[in-house]
1. For every other residue with a beta carbon closer than 11 angstrom to the beta carbon of residue 168, add +1 if it is Lys or Arg and -1 if Asp or Glu, then tell me the sum.
2. Can you work out ³J(HN,Hα) from phi for every residue in segment 164-178, in order, using Karplus 6.51 cos²θ - 1.76 cosθ + 1.60 and θ = phi - 60°, giving whole Hz and x for Gly and Pro?
3. Taking 0.36 nm per intervening residue step and subtracting the Cα-Cα distance, what contour gain separates residue 95 from residue 67 on full extension?
4. What whole-number value in Å² describes the accessible area per residue of the chain for a 1.4 Å probe?
5. Tell me the Kirkwood radius of segment 81-122: reciprocal of the mean inverse pair distance over distinct alpha-carbon atoms, in Å.
6. What number, in percent, do you get for the relative contact order of the chain if the mean sequence gap of Cα pairs under 8 Å and at least 6 apart is divided by its residue count?
7. Could you give the alpha-carbon Rg of segment 131-180 over 2.2 N^0.38 Å, rounded to two decimals?
8. Would you please give the residues with an amide H less than 5 Å from that of residue 72, counting only those at least 5 places away or on a separate chain, with H modeled from the backbone geometry?
Amino acid sequence: MKILTIYSDSHKELYQKYFLPSFNLYLNKHELIPIKVAQKGTGEYEAPGFDKTMMDKINSIIDNLDVKDDRLLCYADCDVQFFGDINVNELMGKYDIVFQMDSDDIYCAGFFICNQSYKVLNFFKLVRDELGRRFNGVIHDQIIINDLIRNNQHGIEVGKLDKNEFWTIANSIGGVWNGTAEFNVPSNLIVHHATWTIGIDNKLKLLNLTRQKYNDINNV
């Protein structure tokens, strides 16, 4: 499997402190493709320039989708940390792409695994076109992806990853984490994505607390 991530200067610490060490520990048999992109704005969620960074992300996905490669492609935001290997053969089934879920009906664009096929390539070209058409400074790919899936305008088979194994804090507290609210971590966690909190400091705090809680539960 190929694992693609992008980061800018504002997110470099997340990549270096959590993503890369956990990848090296659990997933180093897979190919890592890290791409550093130019800083656009502050890098904060939905801050001005966020849409251009998301366009860099979608272009990176399109550029790295090789339809002649029969391996799977995983895209993971740089605020992801791993707690074990990903058994890709058990995940895909009939699907072209499987997403981490923020809730029962919100597909997370920050972590997914897909076939490297023309169907998937054309899907992301559609996402790119729609993202460009709706540029307003803060629009992002997750809105576009969910709109396309909801309106059945995608042409691909879409699946959902297990919310405990591929976890975000929204699946524990049902909303955005403010930096202080208590939360529980699933014991069978494989991938944690530090979304559903605002600000780099909160992301770093959330990544650290999640690892501490996981270690305590599993006596690591």
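1. On the way: positive: 163; negative: 77, 79, 102.
Every neighbour counted, the sum reads -2.
2. Once rounded to whole Hz, the list reads 8, 6, 10, 10, 10, 5, 4, 6, 9, 10, x, x, 7, 7, 8.
3. Working: separation 28, 0.36 × 28 = 10.08 nm, distance 1.60 nm.
Stretched fully, the residue 95-residue 67 segment lengthens by 8.5 nm.
4. Numbers: 10030 Å² over 220 residues.
Spelled out: the 1.4 Å probe surface of the chain, per residue, equals 46 Å².
5. On the way: mean 1/r = 0.0857 Å⁻¹.
When all Cα pairs of segment 81-122 are included, the Kirkwood radius is 11.7 Å.
6. On the way: 390 pairs, mean separation 49.6, N = 220.
Rounded, it is 23 percent for the chain.
7. Values: Rg = 14.4 Å, N = 50, 2.2 N^0.38 = 9.7 Å.
Ratio of Cα Rg to 2.2 N^0.38 Å: 1.48.
8. 2
The values are calculated or read from the model by the stated rules, or taken from the named source; none is laboratory data. Small disclaimer: the values here were computed from a predicted structure and weren't measured. Quick reminder, even Gly has a Cβ in these numbers, built from the backbone with ideal geometry, and neighbours come from all protein chains shown. Just the protein is used for accessible areas: all its heavy atoms, side chains included, with ligands, DNA and RNA removed. Shrake-Rupley method; radii C 1.70, N 1.55, O 1.52, S 1.80 Å.
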